[in-house]
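Peer 1: Below is a structure I'd like to ask you about.
The values are calculated or read from the model by the stated rules, or taken from the named source; none is laboratory data. Source: prediction; values computed, not measured. For neighbour counting, all protein chains shown are included, and Cβ atoms are generated from backbone atoms with ideal geometry for every residue, glycine included. Accessible surface areas use protein heavy atoms only, side chains included; no ligands, DNA or RNA. Shrake-Rupley method; radii C 1.70, N 1.55, O 1.52, S 1.80 Å.
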Amino acid sequence: MKRRKITPKLKESALIVLQARYLVRDEENQIVETPEALFERVAFSVAEGEKNFRKSSSKWEYYGERFYELMAALDFLPNSPTLMNAGRPLGQLSACFVLPVYDSLDSIFETLKYAALIHKSGGGTGFNFSRLRPKGDIVFSTSGVASGPVSFMQVYDSATEAIKQGGKRRGANMGILNVDHPDIEEFITIKSTTGVLTNFNISVGIKDNFIEALKKGEPYALINPRTGKVVTEVSSQKLFDLLVEKAWETGDPGVIFLDTINRFNPTPNLGHIEATNPCGEQPLLPFESCNLGSINLANFVKDGDLDWDRLKETIELAVRFLDDVIEVNRFPLPQIAKITTLNRKIGLGVMGFADMLIKLRIAYSEERALEIAEKVMSFINQESLRASAVLAEERGAFPAFPGSLWDQWGYPPLRNATTTTIAPTGTLSLIAGVSSSIEPLFGIYYERKTLGGIIIKEVHPLFEEILSEEGYSEREIEALQAEIMEKGLISKINLKEPLKKLFLTAFEISPDIHLSIQRIFQKYTHNAVSKTINLPEDTTPEEIKRIYLTAYEWGLKGVTVYRYGSKPEQVIYIKKGE
Ligand code: UDP
């Protein structure tokens, strides 16, 4: 291996994560790869994509070097399957898939098999189960009765559980049922039973006509998808109350706004979008897949502002990287290869947003946070589209461009039907050692559970850095850290403003701020934004109702709430210090 200018500066927690699942092992299960070699493997195998084009084929090694630098500097990281599988026999590089489920045993089990193959490679799958006939409906071939979508979801859940061990990581699923399906109540309440559907996030597919009925206080018709006939009418109010109550109780179900999503479906001629990937950030057509990547915003703070020139270069290179991923990707099924290469969707997003704010001395809860969020994301949106248009000149537009929304809006040909997505960056942010996605800090001192149950305990590194910049002595910082470990929440700590405000954590920030940040990012994101509206334990169901309805009014594509302590097992614990 050649000596390179940049060697990755990884924190202890990043090394733990890389060692657990990402670094290549030999047949004796011994790690045989360094983090540097990992980035090299990924960079050069993705740069192989350049060879497919006359204009850049001779420059593929140059791009390999640049991709290496991009990742080794932790300026940008592609989604986990790319890090795990690029240049490896599996070669499956995407995190997000949506698979269709039709109303037949054949289709149900065929799709389950496809899902198993995708999970094995580290991808997540989303399904809309609304085509399945409701529980108790007739099965002609056997004269029996149908068991309904919820029971089949449990079969999917068990299969996911069984392949968990052999796969690269825990298989994740999104299960959606539309609000007008006759089994909607069973679906809404299913996760109240502990231990059920643990490998699923579930969301109700809300349609505009449901919100209209709700606003007018009108009843809502539930329709059998097999016959298209109304089975019964329910009170829209009661159904919504039930949904909200369950979300309050367990965090599930979330909601996705299907009509909003389809208003921004860039290629309506190719089909209707009915589902998203597991964390909700990527709406996709049936059989479509998408590869994501995230820019580490914390790395771009320079002299009290962002280094916009360097950010622009990074965006261009990241778009090129993600487009090359489509070139070298080994798709698990021919149907997936077909639709994915027609649209060539990529999802460039961000991580380290909260860290960036802290470095800029802007509190997450201030108006200025919204202003900078708008500036950053509109920049990423605009520059990624520009980069995609340049690639289209070199390589051709995505094949479904003619007739697409972009085409109708008079855009120049683009290489990718979408360029932006805000992913949760659950693992990527650990590798980069920054705050995840666009979320605020979860705690100054926290315990975070990773893949395979590794527990990482950390005091947020910027806490010490900023305090010492502000003239706190080492002893004072240590005393404050000890106080935080004991009391948990920053609001309970003896720290001066404006520093205190700077370090407020997810459960101390109002839901309206969470939602406003989501709204700003959504405004400049073609796909969706994965964001959790974290709520304190004493939040009421009424409050959740207001959040869901505001999210709809603001044009968000979906929303997820999490009330502290409402799941038996949660990913991040902060000490509450009561
Ligand atoms: N995902 C998955 N299993 C996991 C975590 C994530 O299948 O255990 C998929 C899922 O589609 C999710 C997407 O990866 O929506 C992106 O998640 P995240 O950004 O947290 O992944 P990372 O790239 O950081 O591992």
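Peer 1: Cα atoms only, the stretch 96-276: Rg and Dmax in Å?
Peer 2: When restricted to the Cα atoms of the stretch 96-276, Rg and Dmax are 16.3, 51 Å.
Peer 1: Along Cα→Cβ, 7 Å out, is where each label goes; now give me the distance between the ones at Lys496 and Val390 in nm to one decimal.
Peer 2: Placing both labels 7 Å along Cα→Cβ, they lie 4.6 nm apart.
Peer 1: Right, another one. Please report the carbon-and-sulfur percent of the accessible area for the stretch 96-276; probe 1.4 Å, protein heavy atoms only, DNA, RNA and ligands left out.
Peer 2: That share works out to 54 percent.
Peer 1: Cβ neighbours within 10 Å, averaged per peptide: list 384-393, 224-233, 371-380 in order, most packed at the top.
Peer 2: Highest-to-lowest ranking by the protection proxy: 384-393, 371-380, 224-233.
Peer 1: Please figure out what share of the DSSP beta bridges in the chain is antiparallel and state it in percent, rounded to the nearest 5.
Peer 2: That works out to approximately 50 percent antiparallel.
Peer 1: I would also like to ask the following. Only residues of the stretch 234-270 count here: report those whose backbone N is under 18 Å from the spot 7 Å along Cα→Cβ of Gln335, or say none.
Peer 2: 270, by backbone N distance to the label point.
Peer 1: Run the numbers for Lys164 and Glu186: contour at 0.36 nm per residue of separation, minus the present Cα-Cα distance, in nm.
Peer 2: Fully extending the segment from Lys164 to Glu186 adds 5.3 nm.
Peer 1: Any chance you could check the Cα centroid distance between the stretch 429-502 and the stretch 66-142 for me, in angstrom?
Peer 2: If we compute the Cα centre of each part, the gap is 35 Å.
Peer 1: Something else now. Please work out the FRET efficiency for the pair Lys9 and Tyr411, using the Cβ-Cβ distance as r and a Förster radius of 41 Å; give the result to the nearest 0.05.
Peer 2: Given R0 = 41 Å and the Cβ-Cβ separation, E is 0.55.
Peer 1: What order do His272, His514 take when sorted by accessible area (1.4 Å probe), most exposed first?
Peer 2: In descending accessible area the options line up as His272, His514.
Peer 1: Further, regarding this structure: If one computes P(r) from the Cα atoms of the stretch 164-223, what percent of pairs lie at distances over 20 Å?
Peer 2: Summing the P(r) tail past 20 Å for the stretch 164-223 gives 41 percent.
Peer 1: Find the relative contact order for the stretch 96-276 and round it to a whole percent, using C-alpha pairs within less than 8 Å whose residues are 6+ positions apart.
Peer 2: Dividing the mean separation by the residue count of the stretch 96-276 yields 21 percent.
Peer 1: Name the helices (complete DSSP H segments) of the chain with a Cα length along the long axis of 15 Å or more and a Kyte-Doolittle mean of at least 0.0, or state none.
Peer 2: Result, helices passing both filters: 35-47, 105-120, 149-163, 308-328.
Peer 1: Past 19 Å, Cα to Cα: identify those pairs from Lys216/Lys557; Lys457/Lys487; Lys487/Lys531; Lys164/Lys567; Lys11/Lys375, in the order given.
Peer 2: Lys216/Lys557; Lys487/Lys531; Lys164/Lys567; Lys11/Lys375, as the Cα separations exceed 19 Å there.
Peer 1: Using a 1.4 angstrom probe with every protein chain in place, what is the largest-first accessible-area order of Ser436, Ser365?
Peer 2: Ser365, Ser436
Peer 1: Given the protein chains as shown and a 1.4 Å probe, how many square angstrom of Arg88 are accessible, to the nearest 10?
Peer 2: 80 Å²
Peer 1: Considering only C-alpha atoms, what is the centroid distance from the stretch 150-192 to the stretch 228-286, in Å?
Peer 2: Comparing the Cα centres of the stretch 150-192 and the stretch 228-286, I get a distance of 15 Å.
Peer 1: Further question on the same structure: Which GluC sites (Glu not before Pro) in the stretch 5-99 pass both tests, a DSSP loop state and at most 10 other beta-carbon atoms within 10 Å?
Peer 2: Taking the stretch 5-99 and a limit of 10 other Cβ atoms within 10 Å, the loop GluC sites (Glu not before Pro) found are Glu27, Glu28.
Peer 1: At 0.36 nm per residue, minus the direct Cα-Cα distance, what do Arg25 and Ser104 gain on full extension? Give it in nm, one decimal, please.
Peer 2: Net length gain for the segment: 24.3 nm.
Peer 1: How much accessible area does Arg368 have with a 1.4 Å probe, in Å² rounded to the nearest 10?
Peer 2: 110 Å²
Peer 1: Can you sort Asp137, Asp106 by solvent-accessible area, 1.4 Å probe, largest first?
Peer 2: Asp106, Asp137
Peer 1: Then there is this: Please compute the per residue accessible area over the chain with all protein chains in place, 1.4 Å probe, rounded to a whole number of Å².
Peer 2: 40 Å²
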